[in-house]
Amino acid sequence: MLVIYHSRGAYSARQAAAMHLGLLPAEPPADPAPMRERLGGDQAMQYEGLHVLGTDPHGHRIAALGRASRPDVTHRAFQAMADVFGIDERSFMLQSVGPVVDWRELGARLAARLGWRSLALRLQLSDVAAQWGPAAEAAATGAQRLAVLGHGGT
Amino acid sequence: MRIFYFCYGSAHSSITAANLHLGVMPLGRRARVSEIIHQPMFDRAENYQIGQAILMGTDEQANEIYALGLAGSQHPMAHALRDFLELNGVDTGQVLFADALQNAGLSMRIGGFSSRRLGLIFPGRQICAFGVWQKYPKFVALVRRIRTGLGLPSP
């Protein structure tokens, strides 16, 4: 199964995906700066489509997506592709991470666009720290859903 | 091939582009505002339908033409959907995502918002259709580019 964690920006989804794979701890670190780099650094600020982080012990591919949009639209769009192209809807699972609108992430993106790198970085780090809990919750939910579907997980 | 003209809400830009591609709307001249308003599926999609792919028809080469609303993140989502298809073994050489929203002007956005979000259907639809009329050459240019790339005639 392809598991897609999606958030408004890319960091939260990557956090959840990394936690699912055991690459990040569920407990927030004291210093989020190294975590930001492990989550992709500046590159993760770019919306770059689906980013597959790896495969979990049950063989599921774990991906992250910065959707920059509404979660319901994201779900419908992926479902639409599955319908049009005959992709088995049981072969993928979407899990939303964090709030619908992540103001810190938006602020960081805006600051980066304006060239205010220092502010953008502070907001990003703040966002990484703030989204740790929601990301851990999403990763746990993702694993539970997989277990309920009989696809492994915990 | 499957061609997805995408925009915000699959109500105006993508619908117009798809109808142009299919020959429902004229490519050789600027359509009248009344024609724009009465084209199939114009200003019809509801909020809960954004994200659904609307099959508008098939062209002369039997390519399937869709209108697709992706809300606020058209390009990232189009990118992600293409990635999703690739990960599922779909030949993405047979898939095209075309940005119809780039042609939308202020009138279209105001009219579309008024109709679809505020429920002011009559004035909103008129304003939006006028906006499409204003930007009609741009929609024609987009569709001509797509059709030419497919080897289809563009009158």
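List of remarks:
- Restricting the range A:62-73 to residues that are within 7 Å of chain B (Cβ to nearest Cβ) and in contact with a Leu (Cβ under 9 Å, 6 or more places away or on another chain), the residue that is modelled with the lowest pLDDT is A:Ser69.
- B:Arg147 meets the conditions (1) over 22 Å from B:Val24 (Cα atoms); (2) at pLDDT 95 or above in every case but one. The failed one is (1).
- Members of the range B:53-76 found to be without any contact (Cβ under 8 Å) to a residue 60 or more places away in the chain, facing another protein chain (nearest Cβ under 7 Å) and aliphatic (A, V, I, L, M), listed by number: B:Ala53
- Screening A:Ser126 with (1) crowded, with 18+ Cβ neighbours inside 10 Å; (2) part of a helix (DSSP H, G or I) gives one miss only, at (1).
- All helices (runs of 4 or more DSSP H) inside the range B:44-155 with 1 or more residues being acidic (Asp, Glu): B:74-87
- Test: residue in the range A:99-108 that is crowded, with 18+ Cβ neighbours inside 10 Å and within 14 Å of chain B (Cβ to nearest Cβ): yes
- The range B:1-37, subset surrounded by fewer than 24 Cβ atoms within 10 Å (Cβ to Cβ), of a type outside the set (A, V, I, L, M) and assigned to a helix (DSSP H, G or I), residue nearest to the other protein chains (Cβ to nearest Cβ): B:Glu35
- Here the range A:102-119 is the region considered, the condition is being in contact (Cβ under 8 Å) with a residue 40 or more places away in the chain and small (Gly, Ala, Ser), and the residue that is farthest from A:Ile62 (Cα to Cα) is A:Ala112.
- Summed over the range A:131-154, residues that are crowded, with 18+ Cβ neighbours inside 10 Å and in a helix (DSSP H, G or I) total 9.
The values are calculated or read from the model by the stated rules, or taken from the named source; none is laboratory data. Small disclaimer: the values here were computed from a predicted structure and weren't measured. Positions of Cβ are backbone-derived with ideal geometry, glycine not excepted, and every protein chain shown enters the neighbour counts.
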